[in-house]
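The values are calculated or read from the model by the stated rules, or taken from the named source; none is laboratory data. Computed from a prediction, not measured in an experiment: that's the story for all the values here. Heads up, the Cβs are rebuilt from the backbone with ideal geometry, glycines too, and the neighbour counts pull from every protein chain shown. Accessible surface areas use protein heavy atoms only, side chains included; no ligands, DNA or RNA. Shrake-Rupley method; radii C 1.70, N 1.55, O 1.52, S 1.80 Å.
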Amino acid sequence: MSRPDLLLINAASRRRVYQALGTSLAAIEPPVWAGLMASHARNKGLSVEILDAEALDMSPDDVAEHVEKLAPTLAAVVVYGHQPSASTQNMPAASLVTTAIKNRVPAQKTLLVGGHVASLPERTLNEEKADFVATGEGPVTIFELVSSLKGDGDLTKVRGLMWKERGMARSSAPSPMVENLDVEMPGVVWDLLPMDKYRAHNWHCFGKLEREPYAAIYTTLGCPYKCTFCCIQAPFKSGEALKGLKATTNSYRMWSPKAVVAQIDHLVTSYGIRNIKIADEMFVLNPKHVHGVCDLLIERNYDLNIWAYARVDTVRDDMVDKLRKAGFRWLALGIEAAGDTVRKDVDKDFAPEDIIRTVKKCTDAGIYVIANYIFGLPEDDRATMKATLDMALDLNCEFANFYCAMAYPGSPLYQTALKEGWKLPDTWGGYSQHAVDSLPLPTRHVSAAEVLRFRDQAFDTYFKNPRYLDMVTSRFGDKTTQHIREMTVHKLERKYA
């Protein structure tokens with residue numbers, strides 16, 4: 001086994017993040033960011049391996065043993081998630097893996113990279129046993145760091161890096177984002193991943209409930225929006241953040257439709273995959289991009305089951321029929337809250353009638369909707385949270401996610417929480433929506449415990465609602481309805497104090 005230049009590690013966090021839900025109900029996602037970083041590094045001439053400890057169900061000690069055998073020039077633990085908030089939730093697992101590597105192979109050079117790391121680079125460097133942390137997106141930093149370790153060792157030339165000298169943190173110049181995605185990072189390196197281990201979300205496959213095989217891809221990176229509860233901008237603005245400046249960088253970049261569909265071609269023809277997640281923070285946004293991808297997929301006439309994120313105000317009339325024809329069967333809509341004041345306070349400025357119109361537009365086109373709601377936004381009180389639940393029950397979408405507002409590191413809400421002295425979770429695991437010690441934010445009117453309890457009760461109310469179950473039976477059949485009944489049996493262990 002030859003020594004690789006780079007080993008990218010995805011730590012196992014599913015069971016810690018989801019409790020019992022992680023065993024059979026949660027998806028097992030391919031580590032897309034690790035796959036993209038491998039693509040960038042390989043394009044630059046580096047030899048690369050990926051260790052997906054999550055999919056392979058490997059313990060931190062198992063990972064450390066593997067690292068010892070491979071002895072890569074750099075072992076990079078990737079702390080990204082399939083949604084921005086998942087980065088912080090994955091930190092406990094990343095920490096255990098990094099510690100295990102250092103305990104077993106003290107001389108092994110290690111790097112932590114990801115959204116949480118870029119949000120709090122110096123704190124991460126001080127708290128964890130990694131030699132280096134990436135202050136930005138990652139791919140450029142990784143290539144330059146490996147080159148430095150194999151060369152003259154001058155870390156000051158490695159952009160987007162933080163390390164310690166004589167016990168003090170030092171940082172280099174900010175790293176640039178990868179701009180020409182088609183050329184520099186053309187897609188996930190699937191041949192380095194255990195493709196038979198991945199499974200889709202349960203709702204994604206309502207009807208047949210055949211969740212494997214499965215894959216997720218990005219067609220864009222970043223996001224042009226700056227919702228106050230979202231931390232997606234953290235790895236893309238770190239240079240400005242490190243200097244205490246307001247971010248001005250536009251992080252939104254796209255692969256060409258041709259490059260996107262080439263990825264899907266490969267997944268379909270090489271792995272027989274039909275269940276695909278578009279992991280973009282906002283796929284349904286740029287009309288030219290959406291139409292371009294859809295047109296090419298329609299030409300191929302694949303029988304696909306794709307889902308993607310959209311905003312209520314970005315789903316255009318001329319898009320929905322084409323999306324459905326191209327294989328998009330689900331759209332995830334960020335509805336967030338029923339109250340206008342609550343939504344506007346977090347930069348979600350659209351009216352209730354817009355929500356109803358967009359959901360109907362999707363339904364009429366034959367597209368199912370997974371609606372995302374948030375309880376505990378700063379202006380929420382008991383009445384507004386109830387109004388949000390009532391809206392969810394009225395809309396009666398095919399699936400729903402109920403979240404609590406969290407001040408994720410890297411989000412404007414995190415800075416507000418620090419400024420106001422709001423209680424934050426004691427551990428990074430407490431930022432998980434499903435964790436035992438999950439601790440959302442209090443609002444200006446209700447406590448964190450009330451918010452969490454309301455969220456858990458809302459979940460039960462929605463998925464046990466006879467009107468919802470009748471709708472599921474009529475659209476997906478008795479087998480799916482029974483699956484939902486079994487899903488609601490799993491009770492999360494909580495600390496509501």
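For the reader, a short list of remarks on this structure follows.
- Within the stretch 286-396, helices (runs of 4 or more DSSP H) holding 2 or more residues that are more than 22 Å from Tyr214 (Cα to Cα) and at pLDDT below 90: 340-344, 352-364
- Members of the stretch 411-424 found to be open to solvent by 20 Å² or more (accessible area, probe 1.4 Å) and either in a loop (DSSP other than H, G, I, E, B) or in contact (Cβ under 8 Å) with a residue 24 or more places away in the chain (or both), listed by number: Pro412, Thr416, Gly421, Trp422, Lys423, Leu424
- When Ser119, Ser47, Ser59 are checked against the criterion of being within 23 Å of Asp280 (Cβ to Cβ), open to solvent by 20 Å² or more (accessible area, probe 1.4 Å) and either in contact (Cβ under 8 Å) with a residue 24 or more places away in the chain or in contact with a Leu (Cβ under 7 Å, 6 or more places away or on another chain) (or both), a single residue qualifies: Ser119.
- Listed by position, the helices (runs of 4 or more DSSP H) enclosed by the stretch 10-89 that each have at least 3 residues that are more than 30 Å from Lys491 (Cα to Cα) and either in contact with a His (Cβ under 6 Å, 6 or more places away or on another chain) or modelled with pLDDT of 95 or more (or both) are 32-43, 60-70.
- The requirement of being part of a strand (DSSP E or B) and open to solvent by 60 Å² or more (accessible area, probe 1.4 Å) is fulfilled nowhere in the stretch 187-203; no residue meets it.
- Total residues in the stretch 106-126, condition outside any strand (DSSP E or B) and under 23 Å from the mean Cα position of the chain (by Cα): 12
- Only a single criterion out of (1) over 30 Å from Phe463 (Cβ atoms); (2) in a loop (DSSP other than H, G, I, E, B); (3) of a type outside the set (S, T, N, Q) is not satisfied by Leu209, namely (1).
- Among all positions in the stretch 358-376, there is at least one residue which is among the polar types (S, T, N, Q) and free of Cβ contacts under 8 Å to residues at least 40 places away in the same chain.
- Taking the numbered list (1) closer than 26 Å to Ile484 by Cβ; (2) buried (at least 19 other Cβ atoms within 10 Å of the Cβ); (3) not polar (S, T, N, Q) in turn, Leu393 passes all entries but (2).
- Positions within the stretch 354-390 being among the hydroxyl-bearing types (Ser, Thr, Tyr), open to solvent by less than 20 Å² (accessible area, probe 1.4 Å) and farther than 25 Å from Gly207 by Cα, in sequence order: Thr388
- Meets criteria (open to solvent by less than 30 Å² (accessible area, probe 1.4 Å) and either more than 19 Å from Arg357 (Cα to Cα) or charged (D, E, K, R) (or both)) for Trp307: yes
- Enumeration of residues in the stretch 139-162 that are open to solvent by 50 Å² or more (accessible area, probe 1.4 Å) and either of a type in the set (A, V, I, L, M, F, W, C) or assigned to a strand (DSSP E or B) (or both): Phe143, Leu149
- Restricting the stretch 425-434 to residues that are within 21 Å of Val117 (Cα to Cα) and part of a loop (DSSP other than H, G, I, E, B) leaves a set whose member that is most open to solvent (accessible area, probe 1.4 Å) is Asp426.
- Restricting attention to the stretch 163-174, the residues that are in contact with an Asp or Glu (Cβ under 8 Å, 6 or more places away or on another chain) and open to solvent by less than 30 Å² (accessible area, probe 1.4 Å) total 1.
- For the stretch 272-291, the criterion of being under 16 Å from Ile217 (Cα atoms), surrounded by fewer than 15 Cβ atoms within 10 Å (Cβ to Cβ) and not aromatic (Phe, Trp, Tyr) is met by at least one residue.
- Residue check for His266: open to solvent by 40 Å² or more (accessible area, probe 1.4 Å) and either within 22 Å of the chain's Cα centre (by Cα) or under 17 Å from Asp182 (Cα atoms) (or both): yes
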